[in-house]
Structure formats: structure tokens, C-alpha cells
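Scroll down for the structure; my scribbles are underneath it.
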Amino acid sequence: MSTLSRRGFLAAGAGALTLAACGGESQPTQSGAGTKNALGVKLPAGAAPAGDQYYVQPFDSTGASYKALDFYESVYSRAPLADQFTIPLVRLNRDYSIVPGAATSWEQSADLTSWTFHLRKGIMWSDGKELTAADYVETLRYSAEPKHAWDFTWFWSGVIKDYKEAVAGEVPANSIGVKQGSDKYTLVIETEGPIAYVPSACLYTTPLSAAALDKYGSGSYNINPETCVTCGPYTLTKFDPTATIVLGPNKKYTGPFKPAIDTLVGKIYAGGDMLPRFQTGQIDQIGVTPLNLKVAAKNPRTKDLHLYKNPNDFQIWYTFFDTTKAPFNNVKVRQALAHCVDRDAIIKSLLEPLATPAYGYLTPGYPFAVEEPLKPHTNYDPQKAKALLAEAGFPDGRGFPEVTFNWWANAVSNTSSVVQALTENWNKTLGVNIRLQEIDKTTFYDRMNKKPTQLTMGFVPYGMDYFDASNMLSVYKSGGRHNWDNAEYDELLAKGAAESDTTKRQDIYTQAQVLLTQDAPAVFIFHLLYGYYYAPYIKGAALGKNADGYDGIQWPGFNSTSDSLQQLHVADNVDSWPRQKPTDLQ
């Protein structure tokens, strides 16, 4: 076992990593500007030396089960730092625009029933094979294979031709609508019909190696450093899902997206407060809530740090109803509750500065989101709420049955206080009898997702899976997450998904949002903003404001699906703040 300085870390190669917070007096750091890291990237002005270009991120393993490092092996059991061994067809930039990934261009067929993606040449897997259309084809077929039992098959069902049927075992997985085109650098995705959002959905095309998939039989080969096969800038050097995951530089990388930070460390904690870990230099960043913001403001180390804010996955928190049963089968009851929510007061007292009021399902800045047309249908108007409840047959709440309002324990964003404020205001203003009941998260989702649902009324979030209104708005499609069925709404969603003209899509999705808000199968409460602190030495354009005024690393995060990988570095003020040092390599 050897002990190395931080400067010698990257040159040492693969190995397990033990980290300890640095101590003693800080010494000036030499500049690394103009020198190269292990991937051959010339470090920018103001950068620390190559040995400092590592990034330590925290993860809470509470309730998690880490079994994979690849999206197409498992979505919900992916470990920290997943999806770094590959290049998706497309990526997102910080303005949420689709930009080239492994594909340089793409187009929809004349009959609107397929999309063709043209791949870059010369991207090599670490086993010496080239990345081609076959890798994407075999990965998508693997995801549809019933024996694999992938946990995200809904995503491509109804999109890729015959995908849903393959998942059900009705047709072979190798018959789904994915194939090589005119050459090995051309991928064709055949769809169930005209589907305009396929390029956005292809953010989730992080392929497995076809050769490795054939050799090992599953995508789990990437959780072993000895069998890891990568075409991304990182490779696995340590996998301990109870404590630490380390990705080192893939020195065989031939792709176009080379990061200045060439080593990633995921520190895994079984609960506990992350703020002290950040303040003492165990981690390089932290997500913050309104509650620990107050604590951070009193600490001399963090009180002057810039708070970065962005919507991340554009999460909406809302109160849903079982619209098939009394009293919520009456639209006027639902509308009454919608007009009896003082969103501004709730945010100011409980959530500020990490939330904005929600008048509809889509956060401002999300594709096709509108706000002003929705406000008349859900604005705070207690007198209107009382009148609607009286019209529903419950004047001043008389005759209104006792209703249980469920939410799940330990949710983020001070939700316990939010549901209490909502309930107190509804009961006091309308004279109704709503009773709060907290249950654990697993039980909550199990009961909510039962068909029929076992929750009369609940408080729940939802964040996007891909960056298009067709995703978020589909939550209220008939047969979806909730039991509000509306044929007109379904028809609008179908038209929006098929329409390629942006102006026409906007009109369609505006109509859908108005209909959803007006009929009130849910009361939309707030759009979550995520807050972040970064150690002062984490720098780069990835942290700057985007077109919507949000800053910090935007969704989908610091990984292969984003261009932020190329826009972050460790600066030469690294010794001005406590930091983990790689002092012990095995």
C-alpha cells in the first residue's frame, strides 16, 4: 500500500480509495492552467493541477438497493455515478436544448413513422470494439426481453413499434422497431405512429456494449472493475455500494466529450445530515432545503456561499383525489379546494426561496408550460371556494364527510408543514372535515398505485422523465397514475405527441393544461426548486445562469446525458476550503 499526495492521485491509476479530510494550514495551490489531465484535456485558466481534478458527491442510500450502474440494467436500482460508461444518442445543454451526443444528426421519415440517427465514427469501447448502431439495437432489445424484466419498460411502450408486445411476450424482442440503417453508423427507430418527441426521449439511450452483453448475459458486468466495458470518459475503479464508488479516467476514450474533472467519487451515507459533511470538506457539493438553509446561514463557513437554484427535474407537488368516489366525484368540490389554497403565503412562510407557486402541472420554463391562462381556474379566492362548495351541496361544509388526507413521511421540502397548512385552511375556511394521516413512503405508493386506488386524497410529487410536455402531462392520461379519465384530454395529448409544428403543439398543450386545471382532479400547490452549495473551488460555465435564469448544474446532472461534463473544473483556490485528499490507494 502506498501513500500519495493529492497531486499524484490521477497518475496512480485504478484502485480503491480511502479519503480523509485535510487539516493544517492551507498552502497556495499551483496553477494547472495549460497542463493536461489524464484524459489529455488542457486545463483552463484558473484551474488547479491535474491531481486536484476530482469531484466528490454525496448520496443517501436510505431505502435504496444498488445493483447496477447502467440505465438499461436497472433504472430504480442504479447506484451512484451510474450511466457514465457510455454516450447517449443526444444530450441536453443547460438551456434544456437537445444537442448531439453519439449521434451528430437525426431526422423523421416522410411518413412520420420512424426516426433515423447518424452516429459518429471512431468512438471505441475499452475492449477495442467500435460503438455502432448494433450496440443501441441490442440494448433496446435487451430492455424489451421479458426474461430481463426491466423496470422501466413503460418508457418505450407505445413509442417503439412492437415494444409493448415484446415486453408482454407476444412477439420476440428482436422484432421491435430498432434496426441498423444503411450502414453500421445509422440507427433507425420505428415508432407506433407519428411521434414528435422521440429525440427528447432518446436522452435515455445510454447503450450497453453489445459484445459485453452477449458475453456476460446482462448489464451487471459494469459493477466489476475487472469486467467494466466503457466508451465514456470514465471507467470503474471501485464499487462498494455501502460506502464508496470511484470512477477513474478511461485512458482509451476516443469520444468528443472530454471533461477536465477526470475522476468521480460517490460517497454513500446511510442517512444523517449532509450539511456538516459539506462544511468539513468530506464532499464537494450539497443539496439544501429551506430547513437546513437556516442552519447554514448561521455557520461562518457557509453563510456567505452563493445559493444555486434550479428546478432540476421540474418537480410538481400536488394534492390528488379519487375522482370516482364522493365527495371528490363532484367537480365543484375539487374546484372549491383549489380556490382555497394561498400558495404565496405557504411558500413565503414554509418554502422560500426554494419553490414557486403552481397553477398548473408544468413549471414555467418547461416545454409548452403556460401560467396566466390557468390562474382564473385555481387562484386563491376563499369566497368563490365557499360558493362552489355550497353549489356542490355542502354549504359552510355541512354534510361534508370526514376525508383522510395522506402524505408520506420524511419527504423533502418541508412537506409536513405544507400539508398541515393546507388542511388547517381548508377546514377553517370551508368548514369541512379533512383528517391528516402520515404513512411511510412504500405504503403510500403501494396504496396510491392500486387499481382502484386505496387513497381518497393524497399529497405527492412528480418530476419529468424526459424534457417534453408529452411526458409530464401524461400522468393524468386515462389509465395512468390517477383515476381521472377525460376523453377530450386524452385526445389533446395524442394530437400533441404527433404534431411536429411547435406553434401548433403549443396551442394543443395549452388547451390540455387549461382543461386539466379547470376540472381539478388535483390541486397544484408548488413547483420545487432545488438548492445547492458547491465548494468554492468548483467552477465552470456549468454553474452559470441558463436562459431561464436558473443556475447550478441543471438536470440531468453531471453525467453523460448533459454537456455539463465539459464545463466544470476544480479551481486553483482549492486549498482555501477543507477538502478530502486521496491519501491512501490500494
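Per-residue packing, averaged as other Cβ atoms within 10 Å, sorts the ranges 44-50, 296-302 into the order 44-50, 296-302, beginning with the highest. Sorted largest first, the spans of the alpha carbon positions of region 399-543 along the three principal axes are 52, 49, 30 Å.
Taking a cut-off of 32 Å, what percent of all Cα-Cα pairs in the chain are separated by more than that? So the pairs more than 32 Å apart make up 50 percent of the total in the chain.
For Ala571, the amide hydrogen comes within under 5 Å of the amide hydrogens of Ala48, Ile538, Lys539, counting only partners 5 or more places away or on other chains and with H modelled in the peptide plane.
Among the trypsin sites (Lys or Arg not before Pro) within region 413-493, those in coil by DSSP and having at most 15 neighbouring Cβ atoms inside 10 Å are Lys450, Arg481. Using Cβ point charges alone (K and R +1, D and E -1), the dipole size of the chain about the Cα centre works out to roughly 1200 debye.
Summing charges over neighbours of Ile346, with a neighbour being any other residue whose Cβ is under 14 Å away from its Cβ, gives -2 when K and R count +1 and D and E count -1. Were the residues from Ala494 through Ala211 laid out at 0.36 nm apart, the gain over their Cα-Cα distance would be 98.1 nm. If R₀ is 22 angstrom, what is the calculated FRET efficiency for the pair Thr104 and Thr254, using the beta carbon separation as r and rounding to 0.05? In this case the efficiency is close to 0.90.
Given only helices, namely DSSP H runs of n ≥ 4 each adding -39500 (n - 2.57), what is the per-residue ellipticity at 222 nm of the chain, to the nearest 500 deg cm²/dmol? Walk me through the numbers on the way to the answer.
Details: 14 runs with 122 residues, N = 586.
After summing the helix terms and dividing by the residues of the chain, the value is -6000 deg cm²/dmol.
Whole-Hz Karplus values for region 311-323 come out as x, 6, 8, 6, 6, 10, 10, 8, 9, 9, 10, 7, 7 Hz, taken residue by residue from phi with 6.51 cos²θ - 1.76 cosθ + 1.60 and θ = phi - 60°; glycine and proline positions read x. Charges on Cβ only, +1 for Lys and Arg, -1 for Asp and Glu, centred on the Cα centroid of region 90-207; of Phe155, Ala144, His118, which one is farthest towards the dipole's positive end? Farthest along the dipole direction, towards plus: His118. Working value for region 228-375: equivalent-ellipsoid semi-axes of 40, 23, 17 Å, each the square root of 5 times a Cα gyration tensor eigenvalue, largest first. Using only the Cα atoms of region 406-451, build the gyration tensor, take square roots of its eigenvalues as a ≥ b ≥ c, and label the shape rounded, prolate or oblate: rounded if a/c is under 1.5, else prolate if a/b is larger than b/c, else oblate. Cα axes put region 406-451 in the oblate bin. Modelled spin-label separation between Ala326 and Gln437, with each label point placed 7 Å from Cα along the Cα-to-Cβ direction: 1.9 nm. Centroid-to-centroid, using Cα positions, region 27-93 and region 150-208 are 28 Å apart.
With a simple spin-label model that places each label point 7 Å from the Cα along the Cα-to-Cβ direction, the separation between Asn573 and Lys384 comes to 4.8 nm. Compared with the alpha-carbon gap, the fully stretched path from Asn449 to Glu391 is longer by 17.8 nm at 0.36 nm per residue.
Count Lys and Arg as plus one, Asp and Glu as minus one, and take only other residues whose Cβ is under 12 Å from that of Ala297; the net charge is then +3. The stretch between Gln30 and Glu371, if pulled fully straight at 0.36 nm per residue, gains 117.7 nm over its current Cα-Cα span.
Projecting the Cα positions of Val418, Ala134, Leu337 onto the charge dipole of the chain (unit charges on Cβ atoms of Lys, Arg, Asp and Glu, taken about the Cα centre) puts Val418 furthest along the positive direction. Under Stokes-Einstein, with the Kirkwood radius over Cα pairs as Rh, the value for region 356-453 at 10 °C and 1.306 mPa s is 100 µm²/s.
Work out the length of the dipole vector of region 242-389 about its Cα centre, built from +1 on the beta-carbon of each Lys and Arg and -1 on the beta-carbon of each Asp and Glu, and round it to the nearest 20 debye.
Using Cβ point charges on Lys, Arg, Asp and Glu, region 242-389 gives about 220 debye.
Look at the alpha carbon pairs under 8 Å that are at least 6 residues apart: their mean separation over the length of region 90-207 gives a relative contact order of 29 percent.
Using C-alpha pairs below 8 Å separated by at least 6 residues, the relative contact order for the chain is 23 percent. Around Leu203, what is the net charge, scoring Lys/Arg as +1 and Asp/Glu as -1 over all other residues with Cβ under 13 Å from its Cβ? Surrounding charge for Leu203 is -4.
Between Glu424 and Ala149, the FRET efficiency from the beta-carbon distance, with R0 = 35 Å, is close to 0.20.
Modelled spin labels at Glu170 and Leu307, positioned 7 Å past Cα toward Cβ, are 5.1 nm from each other.
The Rg/Rh ratio of region 90-207, with Rg taken over Cα atoms and Rh as the Kirkwood radius over Cα pairs, comes to 0.96. Based on alpha carbons, the Rg and Dmax found for region 33-109 are 17.1, 49 Å.
Loop-located trypsin sites (Lys or Arg not before Pro) across region 144-210 with a Cβ neighbour count of 13 or fewer within 10 Å are Lys147, with loop assigned by DSSP.
All of the numbers you see were taken from the coordinates with simple rules; none came from a lab. These numbers were taken from a predicted model, which means no experiment stands behind them. Here the Cβ is made from the backbone with ideal geometry for all residues, glycine too, and neighbour counts use every protein chain on show.
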